[in-house]
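Written below as structure tokens is the structure these notes are about.
Coordinate-derived values only; no laboratory data. Just so we're clear, the structure is a prediction, and the values are computed from it rather than from any experiment. A quick note on method: Cβ atoms are made from the backbone with ideal geometry, for glycine too, and the neighbour counts reach across all protein chains shown.
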Amino acid sequence: MSENGQERRRIRRVHANLGLKIQYNGKTYKGDTIDVSELGASCTLDLAIPIFDSMQVCLTAPLSDDGSSENSASLETNAIVVSCRKQSHQDSYRVGFYYDELPSSERERVKDWIHKVRSLHRRGLSES
């Protein structure tokens with residue numbers, strides 16, 4: 001964000017609480033996304049990961065309102081940590097990462113996937 005509160009990112013993020021598994025230093029950790037885009041995501045984790053460290057991520061998103069696993073899509077890829085800060089008054093960290101070495105065909109799939117997540121999220125907001 002810029003000083004005046006305007007978003008500086010070229011690619012918009014969608015706020016979404018998606019399931020997340022991370023492989024880091026030979027261990028698996030679970031977390032929740034805060035927001036996602038076709039280039040990366042931010043999440044909450046119970047551990048701090050140093051900036052520029054590599055990790056394996058697996059994101060799972062529902063592609064329909066019923067939330068069934070049959071109507072979901074997953075992304076498994078390497079990611080690079082670009083930010084990590086402790087959450088105030090919590091024992092967790094907000095970790096930002098970008099997808100590393102994602103082939104263009106997979107990037108297009110992620111772009112479609114994010115569009116579907118954004119569409120579902122908007123519908124969910126309008127129904128509440």
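Could you work out the relative contact order of the range 14-127, using alpha carbon pairs under 8 angstrom and six or more residues apart, expressed as a whole percent? The partial results should precede the final answer.
Working: 234 pairs, mean separation 29.5, N = 114.
RCO, the range 14-127: 26 percent.
Distance cut-off 26 Å, Cα to Cα: go down the list 30/116; 21/116; 27/116 and report the pairs above it.
Values: 30/116 23 Å; 21/116 21 Å; 27/116 31 Å.
Beyond 26 Å between Cα atoms: 27/116.
Can you give me the long-range amide H partners of residue 18? Hydrogens built in the peptide plane at 1.01 Å from N, cutoff under 5 Å, separation of 5 or more residues or another chain.
Hits under the 5 Å cutoff: 33.
Report the gain in length on full extension from residue 21 to residue 73: 0.36 nm times residue separation, minus Cα-Cα distance, nm rounded to one decimal.
On the way: separation 52, 0.36 × 52 = 18.72 nm, distance 1.39 nm.
So the chain would gain 17.3 nm between residue 21 and residue 73.
Roughly how many debye, to the nearest 20, is the charge dipole of the range 14-127 about its Cα centre, given +1 on each Lys and Arg Cβ, -1 on each Asp and Glu Cβ, and no other charges?
Numbers: 13 positive and 16 negative charges, 55 e Å.
Result for the range 14-127 is approximately 260 debye, rounded to the nearest 20.
Need the full-extension length gain, residue 56 to residue 115, defined as separation in residues times 0.36 nm minus the C-alpha distance. One decimal, nm. Numbers along the way, then the final one.
Details: separation 59, 0.36 × 59 = 21.24 nm, distance 2.29 nm.
Extra length from residue 56 to residue 115 when fully extended: 19.0 nm.
So, counting K/R as plus one and D/E as minus one, what does the shell of residues with Cβ under 11 Å around residue 113 add up to?
Every neighbour counted, the sum reads +1.
Provide the net charge surrounding residue 79, with neighbours chosen by a C-beta distance below 11 Å and charges set as Lys +1, Arg +1, Asp -1, Glu -1. Write down the numbers at each step before the final one.
Working: positive: none; negative: 53, 76, 100, 101.
Value of the local net charge: -4.
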